[in-house]
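Each remark here refers to the structure printed beneath this line.
The values are calculated or read from the model by the stated rules, or taken from the named source; none is laboratory data. As the structure is a prediction and not an experimental result, all values here were calculated from the model. With ligands, DNA and RNA removed, areas are computed over all heavy atoms of the protein, side chains included. Shrake-Rupley method; radii C 1.70, N 1.55, O 1.52, S 1.80 Å.
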Amino acid sequence: MSERDVPVTRRALLAGAAAALAGVTLAPGIRLVEVAQAAAEPGKPVTSKVRWGLLIDAGRCTEGCNECVLACNRENGLEGGARPTDPQWIRIVELKDRRTGRKASAPVMCQHCASPPCVDVCPTGASFKRADGIVLVDRHTCIGCRYCMMACPYKARSFVHEPVSDQKPEVPRGKGCVESCTLCVHRIDRAQIPACVEACASAGHKAILFGDLNDPASEISQRIAAVATRQVRADFNLDTGVRYQGL
């Protein structure tokens, strides 16, 4: 069979390139293979026995507060949304019940779905889900097609339009790539909590609870079992890792 008879798709070529990059350095001290095998606890590999998630209590969110957004920007080296094109990993959404007039606000970020549509539509495998439920983007295989942005029902992903300077070593970013909330995966892999959770607690609100959704004994699982919570657009059956209380 000649080379002309062998069908070679763009997706196959890109997939091969992604496989070839399996040992490429993402940033100082971080390699692709290490991202896939990063530790849920220091020294331990990721496991599906754990599923990290958030529970956000809108009743504890204070009007005008954006401590979680500021903490996210600082931790990940984001520009802060000064320009319309600046990436936003967390945004505060203001809600109003048309029937009662009741108002509420809550942070919205990547919902870390169990069945993430962003992963389904990605032609290169750059969008992927770790065994512990964290949805990530590998910027070295992202081609900036933005299919994932169109597929995400939460508008949680951003495209990097400008060159990125002063990057955080643990948070590799780049122009022409798509990015979103990582649940501060680099902190989780050091057995720390996400920056937004820490900042909210430090501000005295404690509106964001982080923990293992698979562990019935965890605080987050017990809270979800005890109070009424909801998933945003639960009708999509995506089984989100971020849940909301008080909406």
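Among His140, His112, the order of accessible area from largest down is His140, His112, computed with a 1.4 Å probe on protein heavy atoms.
Altogether, the Stokes-Einstein calculation at 25 °C and 0.890 mPa s, with the Kirkwood radius of segment 105-247 over Cα pairs as Rh, returns a diffusion coefficient of 150 µm²/s.
Rounded to the nearest Hz, the phi-derived 3J(HN,Hα) couplings of segment 175-186 under the Karplus curve 6.51 cos²θ - 1.76 cosθ + 1.60 (θ = phi - 60°) are 4, x, 10, 9, 8, 6, 3, 9, 6, 6, 4, 5, where x marks glycine and proline. Taking the centroid of alpha carbons for each part, segment 59-125 and segment 204-247 are 16 Å apart.
Note on Lys49: lysines with a C-alpha under 27 Å away, same-chain residues under 8 apart excluded, are Lys129, Lys206.
For segment 151-211, take the alpha-carbon Rg, divide it by the Kirkwood Rh, and send me Rg/Rh.
Numbers: Rg = 14.0 Å, Rh = 13.6 Å.
Here Rg/Rh amounts to 1.03.
Note on Lys44: accessible area approximately 110 square angstrom, rounded to 10, probe 1.4 Å, nucleic acids and ligands left out.
Look at the alpha carbon pairs under 8 Å that are at least 6 residues apart: their mean separation over the length of segment 187-247 gives a relative contact order of 18 percent. Under 1.5 on a/c is rounded, so check that first for segment 54-121, then, if it is not, pick prolate when a/b is larger than b/c and oblate when it is not; a ≥ b ≥ c are the square roots of the alpha carbon gyration tensor eigenvalues. Note, shape of segment 54-121 comes out oblate. Percent of accessible area on segment 176-245 owned by carbon and sulfur, 1.4 Å probe? Carbon plus sulfur share of accessible area: 49 percent. Sequentially through segment 234-247, phi angles give Karplus couplings (6.51, -1.76, 1.60; θ = phi - 60°) of 4, 5, 7, 6, 8, 6, 5, x, 10, 10, 10, 10, x, 9 Hz, Gly and Pro residues having no value and appearing as x. With 0.36 nm allotted per residue and the present C-alpha distance subtracted, the Glu162-Ala228 stretch has 19.6 nm of extension available. Residues whose amide H lies under 5 Å from that of Gly144, counting only those 5 or more places away or on a different chain, are Val178; hydrogens are built 1.01 Å from N in the peptide plane. In terms of Cα atoms, the Rg and Dmax of segment 179-247 work out to 12.9, 35 Å. Over all Cα atoms in segment 74-155, the spread is summed up by Rg and Dmax: 15.3, 48 Å. For segment 99-111, the Karplus equation 6.51 cos²θ - 1.76 cosθ + 1.60, evaluated at θ = phi - 60°, returns couplings of 7, 9, x, 5, 10, 8, 9, 7, x, 10, 9, 3, 8 Hz by residue, with Gly and Pro reported as x.
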